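The values are calculated or read from the model by the stated rules, or taken from the named source; none is laboratory data. Because the structure is a prediction, the values reported are computed rather than measured. Because the Cβ atoms are built from the backbone with ideal geometry, glycine has one as well, and the counts that use them run over all protein chains shown. With ligands, DNA and RNA removed, areas are computed over all heavy atoms of the protein, side chains included. Shrake-Rupley method; radii C 1.70, N 1.55, O 1.52, S 1.80 Å.
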Amino acid sequence: MNADGRTRLNQSPEWTALAKHREELAGTHLRDLFAADPQRGAGYTLQVGDLSIDYSKHLITDETLLLLRELAAARDVAGLRDAMFRGEKINITEDRAVLHTALRAPRDAVIEVDGENVVPKVHAVLDKMADFAERVRSGAWTGHTGKRIRNVVNIGIGGSDLGPAMAYEALRSYTDRELTVRFVSNVDGADLHEATRDLDPAETLFIIASKTFTTIETITNATSARTWLLAALGDEAAVAKHFVALSTNAAKVAEFGIDPDNMFEFWDWVGGRYSYDSAIGLSLMIAIGPDRFREMLDGFRQMDEHFRTAPPEANAPLLLGLLGIWYGNFHDAQSHAVLPYSHYLSKFTAYLQQLDMESNGKYVARDGKQVDWQTGPVVWGTPGTNGQHAYYQLIHQGTKLIPADFIGFAEPVAELSGELKAQHDLLMANFFDGQLLRPDPGARLRQDRRGGPRGGRARGTGAPQDLPGQPAHDHHPRQGTHPVRARPADRPLRAQGVRAGRGVGHRLLRPVGRRAGQGPRQARRTRPHRGRRGARPRCLDQGAGRPLPGVARPELRPCAERPEPGPCAEAGARAPGGGRWSGAGASSASRTPGEHERRASGECAVARWIRRPGEQREPNWLKAHHAVRAWSGATASG
Ligand SMILES: O=P(O)(O)OC[C@H]1O[C@H](O)[C@H](O)[C@@H](O)[C@@H]1O
């Protein structure tokens, strides 16, 4: 019991009910959940703006969700959320408001901190940023020698680096390609060296980003940058044209030698990790232009409004945060994989690491007492499909339960054309496939033991066996988030969704998503093809769920359209992830003849995509078949 008379979180009746429910669910398989609820795929999907969030492949039932919402209600999460939006000082340790949401409030909004409406200040800084960004982009702002600025180097660390660096990368196709924009964070001099070695100091603008302006790495790099500049330009006055600061600390900025007129302000109620839509985003604004930046803020605002107003059962940040509690505390999940299927999101997971782990990395609760529950996971991951060739084996076949977010885009960026654009289908085939539930692995292994594929007539009868090395744990939760159009607001919207989720207590956000290809039909689809004589093999596109608007589906022709019967020619093709019909990405040793039959039956979107006409290759599945047989006790040659 707390001093205020409230029961501690993990002694509350709601927590106890969740623990009991978890015990009751033990042994329930995801496949069972799909089989039991024909509407699961459609029902466990949320649409927020352009985001489609599919959470159907979580280890949850309606009751789980109800109990989690009851926990949130009992702890007054909605009350805290509302207090946050109102500008109350919910950061009790620093006695501060937590008001990053004010950074994207409309001009006419009123949000007060200590009796002062902060919205006019926010827009004054945004306007000042826009004016400066336009002058740099147009060439009106020149360097000390009169040369146009062509290079922008942001020096900052933590929230003063990860956010703008991530967003710059995410929105690269919207940037002014004439500008070189770089981010320096590491106090290792190599970072600054590599960022500046090919730049002309007379054309280079340094943006020193630091909320406190006391961070040792940033101030050290900024000092070295000034030395580099002055060594070339030889005049102290050059600093005014080549250095600007983003900070809350005007005194320290002046002490460093930057003209206070060249400082873009933000406030102590903006947490560093939430700051890239404040002045900290200046490098991004210069890169993409003020209009795009404001469009990005619209995306943030849309998610803010959703979080503030959506009912609990349809509130994505709340839901996903609660799922984090579910896995961390009732499934003992230690980590959480964030797997963007977008090269442009290559820095997204690193950004989320700070957002989530710095937010939830606390061992003392609001009551001042040490917690004896889990507050947050280790967040990790890299973009697909790279991760498939590295660590998906552990996710899909290892012993650890790792909730995973799959993030994908319906369309490639407009800049891509020809073959590069077409590669998006392959990318998305991996994205979708990585989330699939697998057929009964026991059946596949039984098939294998009985001699492998027989022209599509697999024999997987008898009682399921839990054999070691089974291809995938279908009970490992996977989740997909899928913006249906790629435009600047999309990525920040997603980012904001994560932020909001991260804000729900010790709470996570687990998005995943795409409606198409999920639900009961998918559950049926993913069962192994039994090969009844004359039965048409199933294809991924048979009975797929509702397509999302604008989603270009990977090439998935109905089997009837397949010209060639029997084992598929693409079985030995260069499928990423060692084949493994894509997303699961495990090594070829785990690919069984049963899987090959899935390929043969037209379910292998990835292998299909990469097949070249007339290509004859040694079927990798055969090697896999031998490997699996060897592993399962049979002779490799048998
Ligand atoms: O922006 P600065 O004041 O330089 O701080 C940079 C970083 O410093 C610390 O690591 C804080 O924990 C981070 O939240 C912050 O983003």
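At-a-glance table
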read-out	value
Between region 17-61 and region 62-123, the Cα center-to-center distance that results, in Å	29 Å
Proportion of all alpha-carbon pairs of region 87-161 beyond 21 Å (%)	51 percent
Too-long pairs where the Cα-Cα distance tops 19 Å, listed order kept, from Lys121/Lys252; Lys20/Lys57; Lys121/Lys211; Lys147/Lys241; Lys252/Lys347	Lys121/Lys252; Lys20/Lys57; Lys252/Lys347
Cα convex hull volume per residue for region 93-240 (Å³)	146 Å³
For region 242-296 and region 129-162, distance of Cα centres in Å	11 Å
Protein accessible area in region 324-422, 1.4 Å probe - carbon and sulfur %	53 percent
For peptides 20-28, 130-138, 424-432, sequence by mean Cβ density within 10 Å, most packed first	424-432, 130-138, 20-28
Accessible surface of region 1-159, 1.4 Å probe, proportion on carbon and sulfur as whole %	51 percent
Rel. contact order, % - alpha carbon contacts under 8 angstrom, at least six apart, region 49-122	17 percent
Shape of region 223-352, Cα gyration tensor, a/c cut at 1.5	prolate
For peptides 142-154, 237-249, 114-126, sequence by mean Cβ density within 10 Å, most packed first	237-249, 142-154, 114-126
Relative contact order, percent, region 121-245 [alpha-carbon distance under 8 Å, six or more residues apart]	30 percent
Region 227-318 - percent of accessible surface contributed by carbon and sulfur, probe 1.4 Å	48 percent
Listed peptides 401-408, 315-322, 381-388 by packing density, highest first (mean Cβ within 10 Å)	315-322, 401-408, 381-388
Shape call, region 1-143: gyration tensor on alpha carbons, a/c limit 1.5	oblate
Whole-number Å³ per residue for the convex hull built on Cα positions in region 182-227	70 Å³
Residue-normalised accessible area of region 254-411, expressed per residue, 1.4 Å probe, Å²	35 Å²
Cut-off under 5 Å, modelled amide H: who pairs with Val152 long-range	Thr180, Val181, Arg182, Leu205
